[in-house]
Amino acid sequence: MTKKKITVAVSGLNNTDNPGPGIPVVRGIRESKEFDARIIGFAYENLEPGIYLHDIIDKTYQIPYPSAGIEPLMQRLEYINSIEKIDVIIPNFDAELFSFMKCADDLKKMNIHTFLPTHEQFEERQKSNLPDFGKKYGVNVPFSRPIFGENEIFGLTADFTYPLLVKGKYYDAYVAYNPEQVRMYFNKIVSKWGLPIIIQEFVHGTEVNVIALGDGKGNTIGAVPMRKQYITDKGKAWGGITLDDMNMLDLTHKIIGQTKWRGGMELELIKTNNNELFLIEINPRIPAWVYLAVGAGQNLPEALVKLALGEEVKPYESYDVGKMFVRYSMDMIVNLEEFEKLSMNGEL
């Protein structure tokens, strides 16, 4: 079968100790049996490792930070598209999703396809809205509330007992055992992601995760549950194993069915000693451990590309249980000329 030639642009090339999903997404697309893809990388900083993985990324362009607004992003995308003729864009950072969602109709006019959550779906799963999400859809969610200033910290004991979780609106989560630690983490997260800070009840149990893909009509195209086996000090999975857990899959199907979720998602869950599942977070995009799903038999990046192009996608019916992933680090040797070229020209 002749593979269809397409051009796919991805962000999230920061494959560091806090890895972005870009490189594993590309690995899945590279292994597609249907697509022969030219891969364009979108980078925000010139030291994102994926930029220099030339066997994985064909060409990289720097794009403006989400804080710059929609207009500079669209101008940049119009320039890049005039050269590359992009078919599909897969944004992989929470913080940039809003911009790409706003641009989706304009991108479609340029024959660039995306497959992203709706604005309503994106907003109602925000960490600050998660308690209401739980009530609306009948899902166990730990009690949480946003705070907007340090003056609120010492009053938290009215609603919470220690330990508790201190979370940023996009990224970062820390367990705090006293008000001083809350204050320290509050300032640390605010400096990176701004307000509000989310305070969440700490639920004792095992952290488990599900990667899933919804077709926007209530159907689950794929879902793979995983337990982290090795966790970094940033809380990132450096190793994990696929699980045979129907309760996790049933919850995933329930959430996607009720919300009609569109695109990739990650459910972060706590499984208690009584086998109850508490939803602690919904990440509205493909997570960085997506290659485990590919290795277990569900090539979700390929399926996402097909959905973006409007092609029919049959749901995956199974995956391999007991498949493991273990991350590793390696040093790349990069010529200074490449670094300078990207810094000066904004593309490599």
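The values are calculated or read from the model by the stated rules, or taken from the named source; none is laboratory data. None of the values given here were measured: they were computed from a predicted structure. Neighbour counts are summed over all protein chains in view; Cβ atoms, including those assigned to glycine, are modelled from backbone coordinates with ideal geometry.
Here are a few things to note about the model shown:
- Residues in region 222-256 that are at pLDDT 95 or above, surrounded by fewer than 21 Cβ atoms within 10 Å (Cβ to Cβ) and in a strand (DSSP E or B): Arg227, Ile241.
- Applying a threshold of 7 Å to beta carbon distances and a minimum spacing of six or more residues, or different chains, the list of pairs starting in region 59-74 at a residue that is free of Cβ contacts under 8 Å to residues at least 24 places away in the same chain and ending at one that is charged (D, E, K, R) reads Pro64/Arg76.
- Enumeration of residues in region 103-128 that are more than 22 Å from Val313 (Cβ to Cβ) and within 18 Å of the chain's Cα centre (by Cα): His119, Glu120, Glu123, Glu124, Arg125, Gln126, Lys127, Ser128
- Residues that are among the charged types (D, E, K, R) and farther than 14 Å from Arg327 by Cα within region 210-259 comprise Asp215, Lys217, Arg227, Asp233, Lys234, Asp244, Asp245, Asp250, Lys254, listed in sequence order.
- Pairs where the first residue, in region 123-136, is closer than 17 Å to Arg262 by Cβ and the second is of a type in the set (Asp, Glu), C-beta under 8 Å, 6+ apart: Glu124/Asp132; Phe133/Glu124
- Test result for Met344, over 20 Å from the mean Cα position of the chain (by Cα), over 28 Å from Pro142 (Cβ atoms) and hydrophobic (A, V, I, L, M, F, W, C): yes
- Elements of type helices (runs of 4 or more DSSP H) in region 260-348, at least 3 residues being crowded, with 21+ Cβ neighbours inside 10 Å and not basic (Lys, Arg): 290-295, 300-308
- Residue list for region 203-245, filter: among the polar types (S, T, N, Q) and over 25 Å from Gly263 (Cβ atoms): Thr206, Gln229, Thr232
- Residue in region 117-127 that is of a type in the set (A, V, I, L, M, F, W, C), surrounded by fewer than 18 Cβ atoms within 10 Å (Cβ to Cβ) and either outside the structural domain of Ile89 (by TED's automatic domain parsing) or at pLDDT 95 or above (or both) present: no
Condition check ((1) among the small types (Gly, Ala, Ser); (2) surrounded by 15 or more Cβ atoms within 10 Å (Cβ to Cβ)) across all residues:
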| site | (1), (2) |
| --- | --- |
| Gly28 | yes, yes |
| Lys33 | no, no |
| Ile40 | no, yes |
| Thr60 | no, yes |
| Ile80 | no, yes |
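- Here Val139 passes the criteria (1) at pLDDT 95 or above; (2) part of a helix (DSSP H, G or I) except the one numbered (2).
- Scan of region 62-78 for residues that are surrounded by 18 or more Cβ atoms within 10 Å (Cβ to Cβ) and closer than 23 Å to Met265 by Cα, ordered by number: Pro66
- Check on Gly205, within 25 Å of Phe122 (Cα to Cα) and out of contact with any Leu (no Cβ under 8 Å at 6 or more places or on another chain): no
- Here Asn275 clears all of (1) touching a Gly at 6+ places or on another chain (Cβ under 8 Å); (2) of a type in the set (S, T, N, Q); (3) more than 29 Å from Val88 (Cβ to Cβ) except the condition numbered (1).
- Among residues of region 143-184, those that are crowded, with 18+ Cβ neighbours inside 10 Å, in contact with a Leu (Cβ under 9 Å, 6 or more places away or on another chain) and not aliphatic (A, V, I, L, M), counted: 3
- Unique residue being touching a residue at least 12 places away in the same chain (Cβ under 8 Å) and either aromatic (Phe, Trp, Tyr) or closer than 27 Å to Leu13 by Cβ (or both) when the list is Glu201, Glu276, Glu268: Glu268
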